[in-house]
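> Here it is: the structure, laid out below.
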Amino acid sequence: MSLLRLDKIISDMGFASRRDVKTLIKNGRVLLNGSPAPSGDIKCDPYKSIIEVKGERLIYRQYRYIMMNKPAGYICAARDSRERTVMELLDERSKRQKLFTVGRLDKDTEGLLIITNDGDYAHKIISPKSNIIKRYYAKVAGELGPEDILKVRSGLVLGDGTRCLPAELVILSSAVESECEIAISEGKYHQVKRMLASLGKPVTYLKRLSIGGLMLDDSLDLGASRELTEEERALTLLSALNGQIN
Ligand code: URA
């Protein structure tokens, strides 16, 4: 690992803003290898140096990969002047990091969302070339039948003439309000809602269940998040790679 400025390491890890780091260092609240850090511009190896900020050991991680169970009512954006964003649901340190969502879910959609600061990773997952399969649970108004399964499978044409790639629809229940799972390999704007609307079955509830091989951890409450395990991160990359091959 190359050497990085101490103030950058501390602000990148979300311990404080770059300006506040300066004050912390001036007040002797930052220890570098056991001694008060002389200044913020000193360079060190963030993995090997022992950095303590206000008595707490800093563990450096260049990249974050977070799984969130997104609740309805929050938009997928880094910040917004009017709407609440999913970033507001993260802990204070994460809020200070330059994180972004891997793709987007609509404001009223719930479920699996990945948040990261690794642009290459995000690109691999959302690139249309990766054809990564996203699975959703939906409630719709109206009865679903076998003809809907066939239409989805053969590639729907949306109201504006957009043609969708073949997708899979599984009917879980069919009544005045029906339940289904739908798996798509694209990420068009409002895609699932538009697909189901084109069948005459408007979506009343939508939740993302998986992205490639990565499943939503159902022990996460709505709004809660946790780091992806190394295996889960590898699984998402593998799904993206498989999609490119197939
Ligand atoms: N499709 C939609 O219509 N909305 C989402 O949030 C995700 C997929």
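> How long are the semi-axes of the ellipsoid equivalent to region 133-211, from square roots of 5 times the Cα gyration tensor eigenvalues, in whole Å, largest first?
17, 14, 12
> Compute the signed sum of charges (Lys and Arg +1, Asp and Glu -1) over the other residues within less than 12 Å, Cβ to Cβ, of L196. Can you show the working numbers first?
Numbers: positive: K139, K151, K193, R194, K201; negative: D148, E179, E181.
Local charge sum for L196: +2.
> Which net charge results when you count Lys and Arg as +1 and Asp and Glu as -1 among the other residues whose beta-carbon is under 12 Å from that of E143?
Net of charged neighbours comes to -3.
> Give me the net charge of N117's neighbourhood, meaning all other residues with Cβ under 14 Å from the Cβ of N117; Lys, Arg count +1, Asp, Glu -1. If you can, show how the numbers build up before the last one.
Details: positive: K8, R61, R64, R93, K95, R96, K98, R233; negative: D12, D118, D120, E227.
The answer is +4.
> Under the rule of -39500 (n - 2.57) per DSSP H run of 4 or more residues, summed and divided by the residues of the chain, what mean residue ellipticity at 222 nm is obtained, to the nearest 500 deg cm²/dmol?
Theoretical 222 nm ellipticity from helices: -7000 deg cm²/dmol.
> Still on this structure: Regarding region 4-57, what is the average projected area of its C-alpha convex hull, in nm²? Please report the intermediate quantities before stating the final value.
Values: hull surface 12.0 nm².
About 3.0 nm², averaged over all directions.
> Distances longer than 20 Å among the Cα atoms of region 163-246: what percent of all pairs is that?
Above the 20 Å cut-off, region 163-246 has 47 percent of its Cα pairs.
> Shape of region 94-237 from its Cα gyration tensor (a ≥ b ≥ c, root eigenvalues): rounded if a/c is under 1.5, otherwise prolate when a/b > b/c, or oblate?
Numbers: a/c = 2.11, a/b = 1.65, b/c = 1.27.
Prolate is the answer for region 94-237, as a/c is 1.5 or above and a/b outweighs b/c.
> Counting C-alpha atoms alone, how compact is region 1-129: give Rg to one decimal and Dmax as a whole number, in angstrom.
Expressed in Å, the Cα Rg and Dmax of region 1-129 come to 17.0, 51.
> A follow-up question, please. Under a crude label model (7 Å from the Cα following the beta-carbon direction), how far is D217 from S35 in nanometres?
4.1 nm
> Kindly rank 84-91, 144-151 from highest to lowest mean number of other beta carbons found within 10 Å of each residue.
Going by the mean number of other Cβ atoms within 10 Å, highest first, we get 84-91, 144-151.
> Project the alpha carbons of the chain onto their principal axes and report the range along each, largest first, in whole Å.
Here the spans come out as 71, 39, 32 Å, largest first.
> Heavy atoms only, probe 1.4 angstrom, no DNA, RNA or ligands counted: give me E232, E52 ranked by accessible area, highest first.
E52, E232
> May I ask you to evaluate 6.51 cos²θ - 1.76 cosθ + 1.60, the Karplus curve with θ = phi - 60°, for each residue of region 42-47 and list the ³J(HN,Hα) values in order in whole Hz, giving x for glycine and proline?
5, 9, 8, 7, x, 8
> T23 to D160: extension gain in nm, 0.36 nm per residue of separation minus the Cα-Cα distance?
Numbers: separation 137, 0.36 × 137 = 49.32 nm, distance 5.63 nm.
Fully extending the segment from T23 to D160 adds 43.7 nm.
> Could I ask something else about it? For region 73-159, just the Cα atoms, rotate onto the principal axes and tell me the three extents in Å, largest first.
Principal-axis extents of region 73-159 (Cα, largest first): 50, 30, 21 Å.
The values are calculated or read from the model by the stated rules, or taken from the named source; none is laboratory data. Computed from a prediction, not measured in an experiment: that's the story for all the values here. Please note: Cβ atoms are built from the backbone with ideal geometry, for glycine as well, and neighbour counts cover all protein chains shown. Side chains included, ligands, DNA and RNA excluded: accessible areas come from the protein's heavy atoms. Shrake-Rupley method; radii C 1.70, N 1.55, O 1.52, S 1.80 Å.
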